[in-house]
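Asks: Mind looking over this structure? Questions follow.
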Amino acid sequence: MIEILDRDGIAIVTMSHGKANALDLEFCESIAAHLPLLGTKARGVVLTGQGKIFSAGVDLVRLSTGARYIREFLPVLHKAFAAIFEFPKPIVAALNGHAIAGGCVLACATDRRIMAKDSGRVGVTELQVGVPFPPLALEIMRHVTAHHYIEEVILGASTYTPEDALVRGLIHEIVAPDALLDRAVAAANSLAAVSPAAYALSKRQLRQTVAARIRREGEAWDAEVNDLWVADVTAQRVREYVSRTLKKG
């Protein structure tokens, strides 16, 4: 599911879970387990995908199996997002292709996002699918998206070209595809050049608003979000979306 290669202290983490790096229970558990270990070994991390997809988001086919799976999956999805967003050392996303829905959130949880030119689209399409945002996912998107675009990005549920994603704050930089990995490693090295302790503390300070809001409101939002994710009407919308978009079902 995850391949790790060391390049002079920068861990290149390649997600390799099927064709689309779809976020399911086992894949999220793997992300949540590996990231803390890298925090003790690597100076920084580059997170990337394979082929034409960084991550297509939550595995909707698995999601449609029912409430039992969903109730087990959502806390693990939170752990995967938190493992990246709270990672104390520099972590850079090298977007090799599409980063959609939860895949976009996964990328936006990193410190810096670099995308290959003409490689795909970026955006959070949760409302198209019919599911609300888990609290941490929404806060990550609020944290990175340019303020005057946040409602468009969340409520519009659109995907964007790299150029439009750059304007909205979803990515920081666009590079030629063959330069993507080297540029991401260079960015991770640059961020890792400062004091690790100072970097970790500053990162926590910058993200303290997210942490405070999750502590204050997350439990209440979780209950409402969970209820909607397992509702019959949501399951029907997910099945319709899968049938229409993925040609399955």
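Asks: Tell me, Val185, Val105, Val144 in order of fewest to most beta-carbon neighbours within 10 Å?
Replies: Val185, Val144, Val105
Asks: Show me the helices of the chain, taken as full DSSP H stretches, that run 20 Å or more along their long axis by Cα and average 0.5 or above in Kyte-Doolittle hydropathy.
Replies: Going by DSSP H runs, the hits are 25-39, 67-85.
Asks: Here is the link list: Lys19/Lys117; Lys41/Lys203; Lys41/Lys79; Lys19/Lys41. Which ones come out longer than 25 Å on Cα distance? Present the calculation step by step, with values, prior to reporting the outcome.
Replies: Values: Lys19/Lys117 20 Å; Lys41/Lys203 19 Å; Lys41/Lys79 20 Å; Lys19/Lys41 29 Å.
Beyond 25 Å between Cα atoms: Lys19/Lys41.
Asks: Please compute the Kirkwood hydrodynamic radius over the stretch 109-207, one decimal place, Å, based on all pairs of different Cα atoms. Each step should come with its number before you reach the end.
Replies: On the way: mean 1/r = 0.0670 Å⁻¹.
Value: 14.9 Å, from the Cα pair sum.
Asks: Regarding the stretch 2-178, what is the average projected area of its C-alpha convex hull, in nm²?
Replies: 9.3 nm²
Asks: Oh, and also: Of the options Leu77, Ile91, Ala67, report the single residue whose Cα projects farthest towards the positive end of the charge dipole of the stretch 1-144 (beta-carbon charges: Lys, Arg +1; Asp, Glu -1).
Replies: Of the listed residues, the answer is Ile91.
Asks: To the nearest whole percent, what portion of all C-alpha pairs in the stretch 42-143 is separated by more than 24 angstrom?
Replies: More than 24 Å apart: 22 percent of the Cα pairs in the stretch 42-143.
Asks: Now, a different point. Please report how far the C-alpha centroid of the stretch 70-92 lies from that of the stretch 166-230, rounded to the nearest whole angstrom.
Replies: 11 Å
The numbers here are math on the coordinates, done by the rules we state, and not lab data. Owing to the predicted nature of the structure, the values given are computational and were not obtained by experimental measurement. Methodologically, a virtual Cβ is constructed for each residue, glycine included, from the backbone with ideal geometry; neighbour enumeration extends over all protein chains shown.
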